[in-house]
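Before any comments, here is the structure.
What follows draws every value from the coordinates through simple rules; no lab data is involved. Since this is a predicted model, take the numbers as computed values, not measurements. Note that each Cβ is placed from the backbone with ideal geometry, even for glycine, and that neighbours are counted across all protein chains shown.
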Amino acid sequence: MAPGHAKGIRWQPNVRVVPESEAPAAPAALDGRVCVLSGATGGLGRATARGLAGLGARVVLLARSAEKGSALVSSIRAELPEARLELLVVGDLANLEDSAATADRLLERYSRIDVLVHNAGAIFSRREITTNGFERTFALNVLSPFVLTCRLARRLVESAPARVVNVASAAHRMRTVPWETLADRRPYRPLGAYGESKLELILLTHEFARRFAGTGVTVNSLHPGLVRSGFGRNNPDGLGRVLGWTLSVVGRSPRIGARTSVYLASAPEVRGSTGEYFVRSRAHPSSAASYDPAAERRLFEECERMSGCRFPAQLGPEGS
Ligand SMILES: NC(=O)c1ccc[n+]([C@@H]2O[C@H](COP(=O)([O-])OP(=O)(O)OC[C@H]3O[C@@H](n4cnc5c(N)ncnc54)[C@H](OP(=O)(O)O)[C@@H]3O)[C@@H](O)[C@H]2O)c1
């Protein structure tokens, strides 16, 4: 199916990639809005947290290490003493129980969630299977945001207008969904598994956008550009070294890379945008393979089956 033909998915055919200087840069104040951010301790996460806090948001930082999380809070407060930051230690989000427990703790602590940014993500040079029986890239980059969004769906609707922001990647291009090896990725190719996971995250973005339609909750994805972050450094081998070196040479700063996430979380002009993919704060077509309603629905249902987490059948309409 051609891009833009998916039911309920808007696509702007005349979008062009614009230089950074031309990109809209007008995020609005987020005064006290609750913004939940995963992967907050990484390069893009820290810059996104800083950007959201700078707009006055109450930023809930999901970190898998208390030590790293506390250091992050201190470093942002050193720059921005007024920052409203709250740390939640989440364990390993690739583990389904930890993702579910994170959602439960968020539901206990926060009576509203205005923005949910799924930023945690990684590439793995070696195939690893989690205790739940899923390949780790798929578990972290796809199943975890799926579980969090499903479990937080009602709270997002109650908080509407609310926004879900999925940090995908241009690495989704040229990839297809490996339906036969969705859970175990055999044979395993690190770059392939990573690109596929980001394609899957975009397909889920479209299906979530469709299922949240009429509730006031929007769901969009983005590519942050190549960014000088810790990306790939979890691999103490050739892949980690090559990625680290490449990003240090061609990557842009995390602050610039985080702009699109902060923009989607805050800008008034994207209030009504949903099911779209953004690059440099502009809607942009994702790959043709990512606009396939049958694949979107099939993947959503597979994720429900694999995670045991179901999207609520009935969600209140906007304003009800
Ligand atoms: N950098 C790029 O060029 C680039 C390009 C396109 C897309 N992206 C995407 O951008 C997002 C942010 O990546 P980044 O570049 O900022 O990389 P990063 O510096 O490696 O940050 C990754 C973040 O995810 C967290 N994380 C990793 N595995 C986790 C797990 N199992 N459970 C909980 N948290 C986990 C990390 O926590 P720790 O600090 O504890 O490790 C860290 O906070 C990712 O989704 C990535 O795929 C990056």
Worksheet item: Mean shadow of the range 180-256, computed from the convex hull of its alpha carbons, in nm²?
Response: 7.1 nm²
Practice prompt. Take every Cα-Cα distance within the chain, group them into 20 Å bins from 0 onward, and report for each bin the whole-number percent of pairs it holds.
Written response: 35, 62, 3
Item to complete: Just subtract the alpha-carbon distance of E67 and A288 from 0.36 nm times their residue separation and send over the number in nm, one decimal.
Response: 75.4 nm
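Less than 11 Å Cβ to Cβ from D92, Lys/Arg counted +1 and Asp/Glu -1: what total charge do the surrounding residues give?
0
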Worksheet item: Expressed as a whole number of Å, what is the distance separating the alpha-carbon centroids of the range 92-121 and the range 278-299?
Response: 24 Å
Worksheet item: Scanning the chain for trypsin sites (Lys or Arg not before Pro) in DSSP loops with at most 11 other Cβ atoms within 10 Å, what's the longest stretch left with none?
Response: 127-320
